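The values are calculated or read from the model by the stated rules, or taken from the named source; none is laboratory data. Predicted model, so just to flag it, every value in this text is computed and none were measured. Here the Cβ positions follow ideal geometry from the backbone for every residue, glycine too, while neighbour counts run over all protein chains shown.
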Amino acid sequence: MKELSIGIDNYCLFPLNLSPLETLEWAKDKGAEGVQFSGLNPEDEHRVDDVYLKDLAAYAEENDLYLEWGRGQHIPFDMETWERKDIVSINRKAADQATILGTRIIRSCSGGLMRWSEKSPTTETLLQEMAKSLRAQRQILRDNNVILAIETHFEFTTHELLRLFDRCEVEPGDYLGICLDTMNLLTMLEDPLEATRRILPWVVSTHIKDGAVLLNKDGLVTFPAEIGKGVIGLHKICELLAHESHDINLSIEDHGGSFFLPIFDPLFLSKFPDLTTEEFACIMRMALQANGKMDKGELTITKREDWPQICEHRIKRDIHSLRRLVRQQ
């Protein structure tokens, strides 16, 4: 079982308004071993060119930091209007930038919470159109020797992503993979540990995030938590990742906010046809555990508006907590 590198996703530190180079410096100073760049602020968007990227790559190499890129997309629609969207040019640009940075990983996140809106296309429609678009991008990604790592976001379950890969006729290690977000799985009504087992060969990058799920009279509420304070089995998940033959970095992504799941609405629940009674029961057990922690004052929901004030100190603690957790293996 190999040792896994522990780093951060720059989304955690967006409120600090750090440039990419400053983010790498922050990571090095705080004992992190790399950075996944999910996105950039508007100012840095205009500054990023080949020279800028080469400077980032040089700094990362000099300080033995891993780099993973973002800015990829996999749903060929505008998520607000549902009009067609050219994601080929977006992914080509991301692939070119990743090549300059010397990384194979491009995290892809297109939006989310489609099942929460009646105006959204059906999941089957989205999977069909996504497969068609990604098959057409196969050679672009292969030519750049990069993997488009689709995040387990609030879009598709792991069952559906596996069906997507089957439609794309792709095997693990090729041009498509998974960015495993451990907490987002809960919001898609999946047990994070079982979901990780389902897609394990496809995982090429991560968003390591503790979290919890609460049960109330209206449904379920999921939310991120400081590492070690939630109810997600991160220790077992990291152990699974450490046994994989390919390199997988542990990139911490923490933030405020919560997500409501109206599970008592039959129509909403019907949009998760792969949900089994066994996995639903596991989620309910996690909810009982989390409700108990809340009652004891051991667990709280961080509001999004409070995140800027606490993000730096919480990410420092997350890094140390995750390192302790991994060393227990």
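Within the span defined as region 96-104, every residue fails to be touching a residue at least 60 places away in the same chain (Cβ under 8 Å), crowded, with 23+ Cβ neighbours inside 10 Å and not basic (Lys, Arg).
Results for (1) among the polar types (S, T, N, Q); (2) touching a strand residue (DSSP E or B) at 6+ places or on another chain (Cβ under 8 Å); (3) modelled with pLDDT of 95 or more, shown as yes or no for each residue.
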residue	(1), (2), (3)
ALA58	no, no, yes
GLU61	no, no, yes
GLY72	no, yes, yes
GLU80	no, no, no
ASN91	yes, yes, yes
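ARG323: under 25 Å from CYS238 (Cβ atoms), surrounded by 12 or more Cβ atoms within 10 Å (Cβ to Cβ) and touching a strand residue (DSSP E or B) at 6+ places or on another chain (Cβ under 6 Å), yes or no? Yes; evaluated as a whole, the condition is true for this residue.
Please go through region 93-116 and pick out each residue that is farther than 14 Å from GLN137 by Cα and either at pLDDT 95 or above or of a type in the set (D, E, K, R) (or both). Explain how you work it out, then say what you get.
Filtering region 93-116 for residues farther than 14 Å from GLN137 by Cα gives 97-105, 107, 109-116.
Result: GLN97, ALA98, THR99, ILE100, LEU101, GLY102, THR103, ARG104, ILE105, ARG107, ARG115, TRP116.
Let's see how each residue does on (1) within 28 Å of HIS320 (Cβ to Cβ); (2) in contact (Cβ under 8 Å) with a residue 40 or more places away in the chain; (3) surrounded by 17 or more Cβ atoms within 10 Å (Cβ to Cβ); (4) in contact with a helix residue (DSSP H, G or I) (Cβ under 8 Å, 6 or more places away or on another chain):
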residue	(1), (2), (3), (4)
LEU113	no, yes, no, no
THR122	no, no, no, no
VAL146	no, yes, yes, yes
PRO172	no, no, yes, yes
SER205	yes, yes, yes, no
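Can you tell which of ASP9, ASP49 is among the acidic types (Asp, Glu) and at pLDDT below 95? The conditions single out ASP49. Which one is surrounded by the most Cβ atoms within 10 Å (Cβ to Cβ) among residues in region 226-279 that are acidic (Asp, Glu) and touching a Phe, Trp or Tyr at 6+ places or on another chain (Cβ under 9 Å)? Checking each candidate, the answer is ASP254.
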